[in-house]
1. Using a 1.4 Å probe on the protein heavy atoms only, what accessible surface does I50 show? Give it in Å² to the nearest 10.
2. What nm value, rounded to one decimal, do you get for the distance between H37 and M57 when each label is placed 7 Å out toward the C-beta?
3. With a 1.4 Å probe and every protein chain left in place, tell me how much accessible area R38 has, in Å² to the nearest 10.
4. For T34, T14, T29, write out the residues from largest to smallest accessible area, computed with a 1.4 angstrom probe and no ligands counted.
5. Rolling a 1.4 angstrom probe over the protein chains, ignoring ligands and nucleic acids, what is the accessible area of W52 in square angstrom, nearest 10?
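The values are calculated or read from the model by the stated rules, or taken from the named source; none is laboratory data. Just so it is clear, the structure is predicted and the values come from calculations on it, not from any experiment. No Cβ is skipped: glycine too gets one built from the backbone with ideal geometry, and neighbour counts run over all protein chains shown. Ligands, DNA and RNA are excluded from the accessible area calculation, which covers all protein heavy atoms including side chains. Shrake-Rupley method; radii C 1.70, N 1.55, O 1.52, S 1.80 Å.
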Amino acid sequence: MNGSRLLLRATVITAVFVAADSVILYFGTEPSWTFVHRWVLMAAGVGSGIGWAALMMRQRTSRHRMSKSLQMKSS
């Protein structure tokens, strides 16, 4: 995969997580929801952040692997 496709992929992944977290935040501020519901939403938000970080690390590993293979080919 080339660098621009990896960047586009990371951008799309980030946009999806931002949208999901915005929905979680919106529902977390609803006054009708109980304390327990808010804890569940907070856990979903934290899990979403952890998932995003894992995906970004995977993207970084892919970019690193790709740059190493290009360096080997050019040597």
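1. Using a 1.4 Å probe on the heavy atoms, I get roughly 110 Å².
2. About 3.4 nm, to one decimal.
3. R38 has an accessible surface of roughly 90 Å² with all protein chains in place.
4. On the way: T34 65, T14 45, T29 90 Å².
Solvent-accessible surface, decreasing: T29, T34, T14.
5. Roll a 1.4 Å probe over it and W52 shows about 100 Å².
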